[in-house]
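See structure below.
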Amino acid sequence: MADTYIDYGHKIVLPLPEAYIDIKTGDSREISQEIKDQLTYHADNSTMLHLLCSALDAYFSSGKGESFSDVMKEISDIRRLLEKGYSPYNSPSNSSTKRNSQSKSLDLSEISDVLEAFGG
């Protein structure tokens with residue numbers, strides 16, 4: 001049976017089932033207790049509209065920031081492999097190269113060099 005959360009101030013009624021389908025992945029997910037607690041709090045304080053808008057904004061913009069950092073991490077890993085003279089048959093080399101390359105941040109010219117090395 002679905003729980004119902006009501007924000008009387010903004011006339012929002014939200015019936016909440018035990019699980020929902022993630023619209024980005026299509027996976028079925030259970031509703032966590034933390035989500036239920038937040039809905040209860042915001043329904044009681046007439047701020048559910050703000051919670052829903054904030055959650056939607058975070059949900060739809062989260063992929064943009066994560067994908068950029070994921071791309072930067074991948075480029076950094078590729079740069080590290082290029083600096084080591086990577087070959088799939090080589091065993092991992094000394095740890096000083098790894099430590100030095102991880103402490104450096106990538107600038108745009110380094111990103112360009114890595115992309116050019118792979119024909120991009």
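The values are calculated or read from the model by the stated rules, or taken from the named source; none is laboratory data. Computed from a predicted model, the values in this text were never measured in an experiment. Every residue, glycine among them, receives a Cβ derived from its backbone with ideal geometry; neighbour counts consider all protein chains shown.
Would region 16-26 turn up any residue that is over 23 Å from the mean Cα position of the chain (by Cα) and not in a loop (DSSP other than H, G, I, E, B)? So that I can check it myself, show each step before the final result.
Our first condition is that a residue be over 23 Å from the mean Cα position of the chain (by Cα); within region 16-26, this holds for 16-18.
Applying the additional criterion that residues be not in a loop (DSSP other than H, G, I, E, B) yields 16.
Looking through region 16-26, at least one residue is over 23 Å from the mean Cα position of the chain (by Cα) and not in a loop (DSSP other than H, G, I, E, B).
Name the residue that is surrounded by the fewest Cβ atoms within 10 Å (Cβ to Cβ), counting only residues in region 1-56 that are without any contact (Cβ under 8 Å) to a residue 40 or more places away in the chain and aromatic (Phe, Trp, Tyr). Top of the filtered list is Tyr8. What are the residues in region 28-58 that are among the charged types (D, E, K, R) and at pLDDT 90 or above, if any? Residues satisfying the conditions are Arg29, Glu30, Glu34, Lys36, Asp37, Asp44.
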